[in-house]
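Q: Attaching a single structure in structure tokens format; questions to follow.
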Amino acid sequence: MNPTTPTTPTAPVAEGDGEKKTAENAVTDTAGTKDAADRSETAGRLDKAPTESAEPADLSDGADADPDAAEHDPDLDLDLDDDTDTDKESAGLGTAAAAVVSVGLGIVSLSGAWSGRVAAERETLIGQIKTSSGGSAAQQISEIYGDAWHATALVNGIFGLVALLVGCYVLVRPAFGAPSAHPQAGWVRAVAKGGIALGVIGVLVAVGMYFDLIVALPTAAAPAAGS
């Protein structure tokens with residue numbers, strides 16, 4: 001007889017034990033899957049939290065609440081700069097126009113103006129009225145011709161003096177008030193100096209004419225003896 005290999009007896013399996021184990025395995029798998037899903041969601045939230053916190057905060061409300069923010073607003077600074085530039089430009093145009101006016105007044109003081117002619121004609125008319133009832137030749141020359149000459153010289157001298165003052169104002173204007181970032185244009189100074197020169201010449205000529213220094217008044221000839 002051949003020896004037989006002993007076998008380990010197995011416990012009998014009941015009919016419902018297989019189905020019970022299968023249900024337990026299914027519940028275990030479901031629980032593991034749910035735990036894995038919960039862990040994945042938690043990890044995603046943790047990863048997302050630093051990213052959201054790293055985003056820059058909205059400072060618009062804080063800027064509105066801060067009173068110093070309006071003081072340092074770059075738009076307001078630009079507006080103030082524009083106003084300042086406009087004022088400086090207006091002042092520069094004013095001095096340039098004044099320089100041109102100075103030259104014009106100096107030319108008028110040398111060439112004469114209609115106001116000077118009107119003043120001369122008025123003095124001539126007054127002289128004629130005074131000498132209409134009679135008068136010496138010297139008196140007629142002084143009243144009709146000399147007074148008209150002096151009136152013309154006076155008016156021309158006033159124009160020359162105004163030209164001189166306006167030209168000096170243009171030259172000394174940068175020394176007063178707020179200093180300008182841009183120096184006065186060279187042509188403005190040159191024109192102002194020209195106006196001053198014409199004004200000085202006009203004043204000198206007017207003074208010479210008024211006091212009969214340049215050309216003396218004509219004199220009447222003495223009457224012949226025995227006439």
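Q: Compute the accessible area per residue over the range 122-170, keeping the other protein chains in place, probe 1.4 Å, unit Å².
A: Working: 2620 Å² over 49 residues.
That works out to 54 Å² for each residue.
Q: Mind giving me the nanometre distance, one decimal, between the label points for GLN139 and VAL100, set 7 Å out from Cα along Cα→Cβ?
A: Those two pseudo-labels are separated by 5.2 nm.
The values are calculated or read from the model by the stated rules, or taken from the named source; none is laboratory data. The model shown is predicted, which means the values in this text are computed figures rather than measured ones. Every residue, glycine as well, gets a Cβ built from its backbone with ideal geometry; the counts of neighbours run over all protein chains shown. With ligands, DNA and RNA removed, areas are computed over all heavy atoms of the protein, side chains included. Shrake-Rupley method; radii C 1.70, N 1.55, O 1.52, S 1.80 Å.
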